[in-house]
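Peer 1: Could you have a look at this structure, given as structure tokens, before my questions?
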Amino acid sequence: MEVVGAPIRVQSIAEKDLKLEVPPQYIQPPENRPSKPSNGNATDHKIPMINLGGDRDVNLLCKEIGSACSEWGAFHVINHGVSTTLLDQIRKVGSSFFEDFPMTEKLRYACDSTSPASEGYGSRMLVASDDAVLDWRDYFDHHTFPLSRRHPSRWPHFPPNYREVIGEYSDNMKVLALKLLGLISTSLGLSSSFIEESMGEVYQNITVSYYPSCPQPELTLGLQSHSDMGFITLLIQENVAGLQVSKNDGWVTVDPVSHAIFVILGDQTEIITNGVYKSAVHRAITNGEKARLSVATFHDPAKTVSVSPAPGLQPPPKYHEVVYGDYVQSWYTKGPNGKRNIDALLI
């Protein structure tokens, strides 16, 4: 959530002096820092790449998805049905909002400083308390589904096509998310609609994150280690790396793949699959030379929905049933910190 008072944005700090030292509130404790300074050049090609196009055999496709979900909790998809033009457009309008307009204009859209995950322009979404270490990141969070939450007048009016692009992108991401959840359900031997029906009405947020270049990337994180709260996240990057996924007690840098979409399983998917599939712990590192942009689209249930392990999946149940609203409240109260929130539900 935002801090009450005059808003401070990381971009403003970074632009004051490229040779500055990072303010102490952004310095991570030694155990959380990247192992070495990174300019985003590290790559790893072991992260699964799944082709959704053509007349693929569904059984083979579901086998590939199942393997990726159990081993990584994350994977790239290509030939996903979302136009490359739209992917380029949302990156372009997102970059333009952060880079082409004065701070005074951007602050007209500042998010509510008294409410966690409120819609708008901010920099402290994952902060559990005022004394927590801060992420080297600014963002704009959009509420896009259900349509009753979608109010384009609260989104930037610049560049001129910003609101139109966000709306079209939202619609496309929802279609893709439901398709993927259907394939994930099928891969477990469940009906293709099982997870979608369990989730109920989709609550979707789109967060455009901007990570300014950082003078001391070895001391900071753009986004602290966490797993996502909901069911499934769809993310795209620009050509500057920075997203990392936890694997075998280490961190794998996710190589940006042109026009691919990166799929991240959330905690509710881990619960409903009884731990057969794992939510992916991930973070963002900073870059000493270049700014970085990502667009993450989250798909969650309503806060009144209860989530529990699907019957028959590797019994007995490993997780307690949880009301999603209670889970969200706990997540923001305690802070993310890896997977400690879902681990608290283990039986």
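Peer 1: Quick check, is Val307 within 19 Å of Gly73 (Cα to Cα), in contact with a Pro (Cβ under 8 Å, 6 or more places away or on another chain) and open to solvent by less than 20 Å² (accessible area, probe 1.4 Å)?
Peer 2: On the way: within 19 Å of Gly73 (Cα to Cα): yes; in contact with a Pro (Cβ under 8 Å, 6 or more places away or on another chain): yes; open to solvent by less than 20 Å² (accessible area, probe 1.4 Å): yes.
Yes; evaluated as a whole, the condition is true for this residue.
Peer 1: Which of the residues that make up the stretch 195-239 are of a type in the set (Val, Ile, Thr) and either surrounded by 23 or more Cβ atoms within 10 Å (Cβ to Cβ) or within 14 Å of the chain's Cα centre (by Cα) (or both)? Break it down stepwise before answering.
Peer 2: Step one: of the stretch 195-239, the residues of a type in the set (Val, Ile, Thr) are 195, 202, 206-208, 220, 232-233, 236.
Within the stretch 195-239, Ile195, Ile206, Thr207, Val208, Thr220, Ile232, Thr233, Ile236 meet the criteria.
Peer 1: Next up: For the stretch 88-123, which positions are hydrophobic (A, V, I, L, M, F, W, C), more than 30 Å from Thr333 (Cβ to Cβ), outside any loop (DSSP other than H, G, I, E, B) and touching a Phe, Trp or Tyr at 6+ places or on another chain (Cβ under 8 Å)?
Peer 2: Ile90, Val93, Phe97
Residues checked against (1) under 16 Å from the mean Cα position of the chain (by Cα); (2) farther than 21 Å from Leu107 by Cα; (3) in contact (Cβ under 8 Å) with a residue 60 or more places away in the chain:
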{"residue": "His142", "(1), (2), (3)": "yes, no, yes"}
{"residue": "Pro152", "(1), (2), (3)": "no, no, no"}
{"residue": "Trp155", "(1), (2), (3)": "no, no, no"}
{"residue": "Arg163", "(1), (2), (3)": "no, no, no"}
{"residue": "Lys174", "(1), (2), (3)": "yes, yes, yes"}
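Peer 1: Being closer than 17 Å to Ile264 by Cβ and not in a strand (DSSP E or B) is the filter here, so list the residues in the stretch 193-217 that pass it.
Peer 2: Selection gives Ile195, Met199, Val202.
Peer 1: Can you list residue pairs whose Cβ atoms sit under 8 Å apart, with the first residue in the stretch 178-192 being farther than 17 Å from Ile264 by Cα and the second being open to solvent by 30 Å² or more (accessible area, probe 1.4 Å) and assigned to a loop (DSSP other than H, G, I, E, B)? Count only pairs 6 or more apart in sequence or on different chains.
Peer 2: Note: pairs meeting the criteria are Thr186/Ser192; Leu188/Val276.
The values are calculated or read from the model by the stated rules, or taken from the named source; none is laboratory data. Only a predicted model underlies this, so the values are computations on that prediction, with no experimental measurement involved. Positions of Cβ are backbone-derived with ideal geometry, glycine not excepted, and every protein chain shown enters the neighbour counts. These area figures cover heavy atoms from the full protein model, side chains too; ligands, DNA and RNA do not enter into them. Shrake-Rupley method; radii C 1.70, N 1.55, O 1.52, S 1.80 Å.
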